[in-house]
Amino acid sequence: MVWGVGKHVAEELTTRIDLRETAARTAAAGGMPTICYEPDKRLREVWLWLDGTVEDPALGRYCEEVAASLERAGLSVRLGFFDGYPLQLTWLEGQVFRPQDLEAHRQTALVAVCTDGEVLLRHPADARGERARPLLRALARWPRLALVDVFSGCGGRGWRSVAAWYRC
């Protein structure tokens, strides 16, 4: 599981000299030394966002086991919780945030939204559902965000119905 998380290349440079790039640029500069440094490569941070309205206790245990496994392998994992709609989340440590506040991390974090979609399916037209629509569209552009479907009702239609309603 850990090997699938991957690394991201940060904009910051390390203090390690990139010998190949340094040699190429120095040669291109006619022998004038041009020192180049390696980019900073880090393991991605994993965020598990859990829907607090899911009644199945297995979801919480599953996320705890995944988090423990990833942390044992040296990855940073954060657990966040939301209430039916991911409009506002609370980290396990207690900080409250909106997904829009994390836009700068969308390229670097791997996010798993763990929900059964029940609230989204049953109340898509209420006020919170309407506010969730643009957020869900924005989250659809996050390149490393996945929906973990723990849906067991309605004949297994789950996220297909949610996506059809919200046009994600």
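Please treat every number below as a calculation from the coordinates, not as lab data. Predicted model only: the values in this text are computed from it and were never measured. Don't worry about glycine lacking a Cβ; one is built from the backbone with ideal geometry, like all the others, and counts go over all protein chains shown.
Residue-wise HN-Hα couplings along segment 72-80, as the Karplus relation 6.51 cos²θ - 1.76 cosθ + 1.60 with θ = phi - 60° gives them from phi, are 4, 7, x, 8, 8, 10, 10, 9, x Hz; Gly and Pro carry x. Database remark: amide H of Q88 closer than 5 angstrom to the amide H of D83 (H placed geometrically; neighbours at sequence offset of 5 or more, or on other chains; Pro and chain starts carry no H). The phi-based Karplus calculation (6.51 cos²θ - 1.76 cosθ + 1.60; θ = phi - 60°) puts the 3J(HN,Hα) values of segment 130-143 at 5, 5, 6, 3, x, 5, 5, 5, 5, 5, 5, 8, 6, x Hz, whole numbers, x for Gly and Pro. Potential lengthening of the chain between T34 and L135 amounts to 31.8 nm, from the contour at 0.36 nm per residue minus the alpha-carbon distance. Between A146 and H105, the simple label model (points 7 Å from Cα in the Cβ direction) yields a spacing of 1.9 nm. Backbone amide hydrogens, once placed in the peptide plane, bring Y37 within less than 5 Å of D18, excluding anything fewer than 5 places away on its chain. Summarising the amide proton neighbourhood of D116: residues at separation of 5 or more, or on other chains, whose placed amide H is nearer than 5 Å comprise V150. Sort segment 19-127 into rounded, prolate or oblate with this rule: let a ≥ b ≥ c be the square roots of the eigenvalues of the Cα gyration tensor; rounded if a/c is under 1.5, and if a/c is not under 1.5, prolate when a/b is larger than b/c, oblate otherwise. Here segment 19-127 falls in the prolate category.
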